[in-house]
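Chemist: Can you read through this structure? Questions will come right after.
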Amino acid sequence: MTQPSVILATASYDHTIRFWEAKSGRCYRTIQYPDSQVNRLEITPDKRYLAAAGNPHIRLFDINSSSHQPVMSYDSHTNNVMAVGFQCDGNWMYSGSEDGTVKIWDLRAPGCQREYESRAAVNTVVLHPNQTELISGDQNGNIRVWDLTANSCSCELVPEVDTAVRSLTVMWDGSLVVAANNHGTCYVWRLLRGNQTMTNFEPLHKLQAHNEYILKCLLSPEFCEPHRYLATASSDHTVKIWNVDGFKLEKTLIGHQRWVWDCVFSVDGAYLITASSDTTAKLWSMSTGEEIKTYQGHHKATVCCALHDGAEPSPS
(Lines give C-alpha, C1' and ligand atoms only; values in the text may rest on other atoms or scores of the structure.)
Protein backbone atom coordinates (compact mmCIF):
# COMPACT_ATOMS: atom_id res chain seq x y z
CA MET A 1 0.00 0.00 0.00
CA THR A 2 1.30 3.43 -0.85
CA GLN A 3 0.87 5.67 2.09
CA PRO A 4 -1.39 8.70 1.68
CA SER A 5 0.20 11.97 2.78
CA VAL A 6 -2.90 12.66 4.87
CA ILE A 7 -3.81 10.04 7.45
CA LEU A 8 -7.41 10.41 8.67
CA ALA A 9 -9.01 7.81 10.92
CA THR A 10 -12.23 7.57 12.93
CA ALA A 11 -13.58 5.05 15.42
CA SER A 12 -17.14 4.26 16.38
CA TYR A 13 -19.31 2.34 18.82
CA ASP A 14 -19.92 0.00 15.85
CA HIS A 15 -16.55 -1.60 16.79
CA THR A 16 -14.72 -0.46 13.68
CA ILE A 17 -11.89 1.92 12.90
CA ARG A 18 -12.08 3.49 9.46
CA PHE A 19 -9.42 5.20 7.36
CA TRP A 20 -10.60 7.89 4.93
CA GLU A 21 -9.34 9.72 1.88
CA ALA A 22 -9.69 13.23 3.27
CA LYS A 23 -10.51 14.93 -0.05
CA SER A 24 -12.86 12.40 -1.65
CA GLY A 25 -14.48 11.14 1.55
CA ARG A 26 -13.93 7.51 0.48
CA CYS A 27 -13.29 4.94 3.19
CA TYR A 28 -10.34 2.83 1.98
CA ARG A 29 -9.74 0.57 4.98
CA THR A 30 -11.81 -0.75 7.87
CA ILE A 31 -10.37 -2.47 10.94
CA GLN A 32 -12.72 -4.59 13.02
CA TYR A 33 -12.28 -3.91 16.75
CA PRO A 34 -14.50 -6.49 18.45
CA ASP A 35 -13.09 -6.36 22.00
CA SER A 36 -14.49 -3.02 23.17
CA GLN A 37 -15.41 0.44 22.00
CA VAL A 38 -12.53 2.73 21.04
CA ASN A 39 -12.32 5.88 23.18
CA ARG A 40 -9.39 7.66 21.55
CA LEU A 41 -7.21 7.45 18.42
CA GLU A 42 -3.73 8.85 17.98
CA ILE A 43 -1.24 8.63 15.10
CA THR A 44 2.49 8.30 15.77
CA PRO A 45 4.64 11.29 14.66
CA ASP A 46 6.22 9.20 11.87
CA LYS A 47 2.76 8.19 10.51
CA ARG A 48 3.59 4.49 10.87
CA TYR A 49 1.15 3.46 13.58
CA LEU A 50 -2.32 4.21 14.87
CA ALA A 51 -2.97 3.76 18.59
CA ALA A 52 -6.52 2.84 19.61
CA ALA A 53 -7.41 3.26 23.27
CA GLY A 54 -10.08 0.79 24.33
CA ASN A 55 -11.22 -1.01 27.45
CA PRO A 56 -8.86 -1.80 29.08
CA HIS A 57 -6.08 -2.07 26.48
CA ILE A 58 -4.30 0.07 23.90
CA ARG A 59 -3.68 -1.50 20.51
CA LEU A 60 -1.17 -0.32 17.94
CA PHE A 61 -2.03 -0.87 14.26
CA ASP A 62 0.29 -0.59 11.27
CA ILE A 63 -1.09 2.21 9.08
CA ASN A 64 0.60 0.82 5.94
CA SER A 65 -0.69 -2.72 6.33
CA SER A 66 -4.06 -4.17 5.42
CA SER A 67 -4.02 -6.51 8.42
CA HIS A 68 -6.76 -6.37 11.03
CA GLN A 69 -4.33 -7.57 13.67
CA PRO A 70 -2.56 -5.08 15.92
CA VAL A 71 1.24 -5.12 15.88
CA MET A 72 1.30 -4.53 19.63
CA SER A 73 -1.05 -4.56 22.60
CA TYR A 74 -0.52 -2.66 25.87
CA ASP A 75 -2.45 -4.32 28.61
CA SER A 76 -1.86 -3.13 32.17
CA HIS A 77 -4.78 -0.69 32.56
CA THR A 78 -7.82 -2.19 34.27
CA ASN A 79 -10.56 0.10 32.92
CA ASN A 80 -11.43 2.34 29.95
CA VAL A 81 -8.38 4.09 28.49
CA MET A 82 -9.57 7.66 27.86
CA ALA A 83 -6.35 9.34 26.72
CA VAL A 84 -3.39 8.34 24.61
CA GLY A 85 -0.57 10.27 22.95
CA PHE A 86 3.05 10.18 21.84
CA GLN A 87 6.28 11.92 22.72
CA CYS A 88 7.46 14.10 19.79
CA ASP A 89 10.07 11.60 18.53
CA GLY A 90 7.66 8.70 18.95
CA ASN A 91 9.92 6.94 21.47
CA TRP A 92 7.25 6.58 24.11
CA MET A 93 3.51 6.73 24.59
CA TYR A 94 1.40 8.02 27.48
CA SER A 95 -2.10 7.04 28.52
CA GLY A 96 -4.77 7.86 31.09
CA SER A 97 -7.54 5.56 32.25
CA GLU A 98 -10.72 5.40 34.30
CA ASP A 99 -8.70 3.05 36.54
CA GLY A 100 -7.25 6.27 38.03
CA THR A 101 -3.76 5.98 36.57
CA VAL A 102 -1.55 7.74 34.05
CA LYS A 103 1.00 5.42 32.43
CA ILE A 104 4.08 5.74 30.26
CA TRP A 105 5.05 3.04 27.76
CA ASP A 106 8.34 2.63 25.93
CA LEU A 107 7.34 1.72 22.38
CA ARG A 108 10.51 -0.31 21.93
CA ALA A 109 9.89 -2.50 24.98
CA PRO A 110 6.87 -4.38 26.28
CA GLY A 111 5.10 -3.42 29.48
CA CYS A 112 4.42 -0.16 31.29
CA GLN A 113 7.51 1.83 32.28
CA ARG A 114 5.92 4.21 34.79
CA GLU A 115 2.62 4.72 36.54
CA TYR A 116 1.15 7.74 38.34
CA GLU A 117 -1.89 7.54 40.65
CA SER A 118 -4.57 10.18 40.14
CA ARG A 119 -7.00 8.56 42.63
CA ALA A 120 -9.95 9.30 40.35
CA ALA A 121 -10.95 8.29 36.83
CA VAL A 122 -8.63 10.06 34.39
CA ASN A 123 -10.49 11.62 31.45
CA THR A 124 -7.73 13.50 29.68
CA VAL A 125 -3.92 13.70 29.52
CA VAL A 126 -1.74 16.07 27.46
CA LEU A 127 2.00 16.28 27.04
CA HIS A 128 3.57 19.70 27.62
CA PRO A 129 5.61 20.82 24.57
CA ASN A 130 8.74 20.63 26.78
CA GLN A 131 8.21 16.81 26.58
CA THR A 132 8.98 16.48 30.32
CA GLU A 133 5.59 17.11 31.91
CA LEU A 134 2.23 15.39 31.55
CA ILE A 135 -0.93 17.21 32.61
CA SER A 136 -3.96 15.10 33.56
CA GLY A 137 -7.57 15.91 34.35
CA ASP A 138 -9.92 13.60 36.26
CA GLN A 139 -13.52 12.91 37.14
CA ASN A 140 -13.24 14.61 40.56
CA GLY A 141 -12.11 17.89 38.98
CA ASN A 142 -8.38 17.60 39.72
CA ILE A 143 -5.70 18.79 37.31
CA ARG A 144 -2.24 17.43 38.04
CA VAL A 145 1.15 18.04 36.50
CA TRP A 146 3.40 14.98 36.47
CA ASP A 147 7.07 15.89 36.26
CA LEU A 148 8.73 13.07 34.33
CA THR A 149 12.22 14.18 35.28
CA ALA A 150 11.53 14.22 39.03
CA ASN A 151 9.06 11.33 38.61
CA SER A 152 6.46 13.02 40.84
CA CYS A 153 3.38 15.26 40.88
CA SER A 154 4.71 18.83 40.79
CA CYS A 155 1.42 20.74 40.80
CA GLU A 156 -2.25 20.18 41.64
CA LEU A 157 -5.24 22.41 41.10
CA VAL A 158 -9.02 22.10 41.20
CA PRO A 159 -10.75 24.73 39.03
CA GLU A 160 -14.23 23.65 40.14
CA VAL A 161 -14.80 21.18 42.99
CA ASP A 162 -16.52 17.92 42.03
CA THR A 163 -16.85 18.98 38.38
CA ALA A 164 -15.18 16.53 36.04
CA VAL A 165 -12.39 17.87 33.86
CA ARG A 166 -13.34 16.44 30.48
CA SER A 167 -10.56 17.74 28.21
CA LEU A 168 -7.21 19.54 28.43
CA THR A 169 -5.19 21.27 25.73
CA VAL A 170 -1.83 23.10 25.77
CA MET A 171 -0.72 25.79 23.32
CA TRP A 172 2.07 24.52 21.03
CA ASP A 173 4.60 26.92 22.62
CA GLY A 174 3.64 25.98 26.18
CA SER A 175 2.22 29.44 26.96
CA LEU A 176 -1.38 28.48 27.77
CA VAL A 177 -3.36 25.55 29.08
CA VAL A 178 -7.14 25.19 28.83
CA ALA A 179 -9.36 22.80 30.81
CA ALA A 180 -12.97 22.13 29.76
CA ASN A 181 -15.54 20.67 32.13
CA ASN A 182 -18.99 19.12 32.31
CA HIS A 183 -20.62 22.51 32.96
CA GLY A 184 -19.58 23.88 29.58
CA THR A 185 -16.88 26.03 31.15
CA CYS A 186 -13.29 26.49 29.97
CA TYR A 187 -10.63 27.59 32.43
CA VAL A 188 -7.57 29.19 30.87
CA TRP A 189 -4.21 29.60 32.58
CA ARG A 190 -0.93 31.15 31.53
CA LEU A 191 1.88 28.69 32.07
CA LEU A 192 4.84 30.34 33.74
CA ARG A 193 8.23 28.85 34.34
CA GLY A 194 9.32 29.25 37.93
CA ASN A 195 12.94 29.37 39.14
CA GLN A 196 12.96 25.62 38.95
CA THR A 197 11.68 23.75 35.94
CA MET A 198 8.25 23.54 37.54
CA THR A 199 5.35 25.01 35.63
CA ASN A 200 3.14 27.53 37.45
CA PHE A 201 -0.46 28.15 36.49
CA GLU A 202 -1.59 31.79 36.44
CA PRO A 203 -5.38 32.18 35.97
CA LEU A 204 -6.08 34.11 32.77
CA HIS A 205 -9.71 33.62 31.77
CA LYS A 206 -12.91 31.74 32.51
CA LEU A 207 -15.04 31.12 29.43
CA GLN A 208 -18.66 29.95 29.57
CA ALA A 209 -18.43 28.31 26.15
CA HIS A 210 -21.53 26.08 26.13
CA ASN A 211 -24.56 25.40 28.32
CA GLU A 212 -23.96 21.65 28.10
CA TYR A 213 -20.96 19.31 28.33
CA ILE A 214 -17.75 20.19 26.55
CA LEU A 215 -16.40 16.86 25.32
CA LYS A 216 -13.21 18.18 23.74
CA CYS A 217 -11.23 21.42 23.75
CA LEU A 218 -8.32 22.02 21.42
CA LEU A 219 -5.90 24.89 20.79
CA SER A 220 -4.74 25.58 17.25
CA PRO A 221 -1.32 24.36 16.02
CA GLU A 222 1.90 26.26 15.43
CA PHE A 223 1.44 26.79 11.68
CA CYS A 224 -1.86 28.55 12.32
CA GLU A 225 0.09 31.56 13.67
CA PRO A 226 -0.38 34.48 14.05
CA HIS A 227 -4.01 33.43 14.58
CA ARG A 228 -4.69 31.49 17.77
CA TYR A 229 -7.94 29.64 18.20
CA LEU A 230 -9.63 27.44 20.75
CA ALA A 231 -12.14 24.87 19.47
CA THR A 232 -14.76 23.52 21.88
CA ALA A 233 -16.86 20.48 20.89
CA SER A 234 -20.05 19.96 22.85
CA SER A 235 -23.03 17.77 23.58
CA ASP A 236 -25.13 20.70 22.27
CA HIS A 237 -24.28 19.40 18.72
CA THR A 238 -22.01 22.37 17.90
CA VAL A 239 -18.32 23.20 17.80
CA LYS A 240 -17.40 26.77 18.70
CA ILE A 241 -14.23 28.50 17.53
CA TRP A 242 -12.88 31.17 19.91
CA ASN A 243 -10.17 33.70 19.23
CA VAL A 244 -7.62 33.21 22.01
CA ASP A 245 -6.97 36.96 21.90
CA GLY A 246 -9.79 38.03 24.22
CA PHE A 247 -11.73 34.75 23.84
CA LYS A 248 -14.28 36.23 21.46
CA LEU A 249 -16.52 33.77 19.60
CA GLU A 250 -15.38 33.66 15.96
CA LYS A 251 -17.61 30.95 14.53
CA THR A 252 -20.10 28.26 15.48
CA LEU A 253 -19.90 25.12 13.36
CA ILE A 254 -23.45 23.85 12.88
CA GLY A 255 -24.28 20.66 11.01
CA HIS A 256 -23.95 17.70 13.36
CA GLN A 257 -27.24 16.24 14.59
CA ARG A 258 -25.98 14.85 17.89
CA TRP A 259 -23.13 15.15 20.41
CA VAL A 260 -19.75 16.18 19.00
CA TRP A 261 -17.16 14.05 20.80
CA ASP A 262 -13.85 14.92 19.24
CA CYS A 263 -12.11 17.37 16.94
CA VAL A 264 -8.66 17.80 15.42
CA PHE A 265 -7.04 20.65 13.46
CA SER A 266 -5.15 20.22 10.21
CA VAL A 267 -1.44 21.00 10.59
CA ASP A 268 -1.88 24.58 9.30
CA GLY A 269 -5.07 25.23 11.27
CA ALA A 270 -7.06 25.85 8.06
CA TYR A 271 -9.39 22.88 8.61
CA LEU A 272 -11.06 21.06 11.47
CA ILE A 273 -12.25 17.44 11.55
CA THR A 274 -15.07 16.55 13.97
CA ALA A 275 -16.60 13.25 15.14
CA SER A 276 -20.20 12.94 16.29
CA SER A 277 -22.83 10.59 17.72
CA ASP A 278 -24.77 11.17 14.47
CA THR A 279 -22.39 8.46 13.05
CA THR A 280 -20.49 10.92 10.85
CA ALA A 281 -17.21 12.80 10.86
CA LYS A 282 -17.04 16.16 9.11
CA LEU A 283 -14.37 18.39 7.56
CA TRP A 284 -14.84 22.14 8.12
CA SER A 285 -13.19 25.21 6.66
CA MET A 286 -11.89 27.43 9.45
CA SER A 287 -11.99 30.53 7.25
CA THR A 288 -15.68 30.24 6.34
CA GLY A 289 -17.03 27.93 9.07
CA GLU A 290 -18.63 25.87 6.29
CA GLU A 291 -18.82 22.10 6.18
CA ILE A 292 -16.72 20.82 3.25
CA LYS A 293 -17.04 17.04 3.50
CA THR A 294 -18.99 14.43 5.48
CA TYR A 295 -17.43 11.03 6.13
CA GLN A 296 -20.23 8.46 6.22
CA GLY A 297 -19.90 4.75 6.82
CA HIS A 298 -20.06 4.09 10.55
CA HIS A 299 -23.34 2.61 11.84
CA LYS A 300 -23.20 3.96 15.38
CA ALA A 301 -21.81 6.99 17.20
CA THR A 302 -18.43 8.16 15.87
CA VAL A 303 -16.59 9.12 19.04
CA CYS A 304 -13.01 9.88 18.06
CA CYS A 305 -10.92 11.01 15.12
CA ALA A 306 -7.22 11.32 14.35
CA LEU A 307 -5.50 13.31 11.63
CA HIS A 308 -1.86 13.60 10.59
CA ASP A 309 -1.37 15.75 7.51
CA GLY A 310 2.03 17.22 8.40
CA ALA A 311 5.55 16.21 7.54
CA GLU A 312 7.16 13.46 9.55
CA PRO A 313 9.72 14.74 12.03
CA SER A 314 13.26 14.56 10.68
CA PRO A 315 15.33 11.96 12.53
CA SER A 316 17.33 13.71 15.21
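The values are calculated or read from the model by the stated rules, or taken from the named source; none is laboratory data. Predicted, not measured: the structure shown is a model, and the values here were computed from it. Please note: Cβ atoms are built from the backbone with ideal geometry, for glycine as well, and neighbour counts cover all protein chains shown. We work out accessible area using only protein heavy atoms, side chains counted, and drop any ligands, DNA or RNA first. Shrake-Rupley method; radii C 1.70, N 1.55, O 1.52, S 1.80 Å.
Let's see how each residue does on (1) open to solvent by 10 Å² or more (accessible area, probe 1.4 Å); (2) without any contact (Cβ under 8 Å) to a residue 12 or more places away in the chain; (3) within 20 Å of the chain's Cα centre (by Cα):
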residue	(1), (2), (3)
108	yes, no, no
121	yes, no, yes
177	no, no, yes
188	no, no, yes
192	yes, yes, no
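Chemist: Considering only residues that are small (Gly, Ala, Ser) and within 21 Å of the chain's Cα centre (by Cα), which ones fall in segment 194-231?
Modeler: Answer for segment 194-231, where residues must be small (Gly, Ala, Ser) and within 21 Å of the chain's Cα centre (by Cα): 209, 220, 231.
Chemist: Restricting attention to segment 208-229, report how many residues are among the aliphatic types (A, V, I, L, M) and farther than 22 Å from residue 144 by Cβ.
Modeler: 1
Chemist: Would a scan of segment 44-62 turn up a residue that is among the acidic types (Asp, Glu), in contact with a strand residue (DSSP E or B) (Cβ under 8 Å, 6 or more places away or on another chain), outside any loop (DSSP other than H, G, I, E, B) and surrounded by fewer than 18 Cβ atoms within 10 Å (Cβ to Cβ)?
Modeler: Yes, that holds for at least one residue.
Here is a yes/no grid of residues against (1) in contact with a Leu (Cβ under 7 Å, 6 or more places away or on another chain); (2) modelled with pLDDT under 95; (3) within 15 Å of residue 15 (Cα to Cα); (4) assigned to a strand (DSSP E or B):
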residue: 263; (1), (2), (3), (4): yes, no, no, yes
residue: 269; (1), (2), (3), (4): no, no, no, no
residue: 273; (1), (2), (3), (4): yes, no, no, yes
residue: 279; (1), (2), (3), (4): no, no, yes, no
residue: 282; (1), (2), (3), (4): no, no, no, yes
residue: 288; (1), (2), (3), (4): no, no, no, no
residue: 293; (1), (2), (3), (4): yes, no, no, yes
residue: 299; (1), (2), (3), (4): no, no, yes, no
residue: 304; (1), (2), (3), (4): yes, no, yes, yes
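Chemist: Next up: Looking at this structure, is residue 282 surrounded by 19 or more Cβ atoms within 10 Å (Cβ to Cβ), among the charged types (D, E, K, R), over 22 Å from residue 185 (Cβ atoms) and in contact (Cβ under 8 Å) with a residue 24 or more places away in the chain?
Modeler: Yes.
Chemist: Moving to a separate point now. Can you tell me which condition residue 237 does not meet? The list is (1) assigned to a loop (DSSP other than H, G, I, E, B); (2) farther than 21 Å from residue 301 by Cα; (3) open to solvent by 50 Å² or more (accessible area, probe 1.4 Å); (4) not polar (S, T, N, Q), and all the others hold.
Modeler: Failing condition for residue 237: (2).
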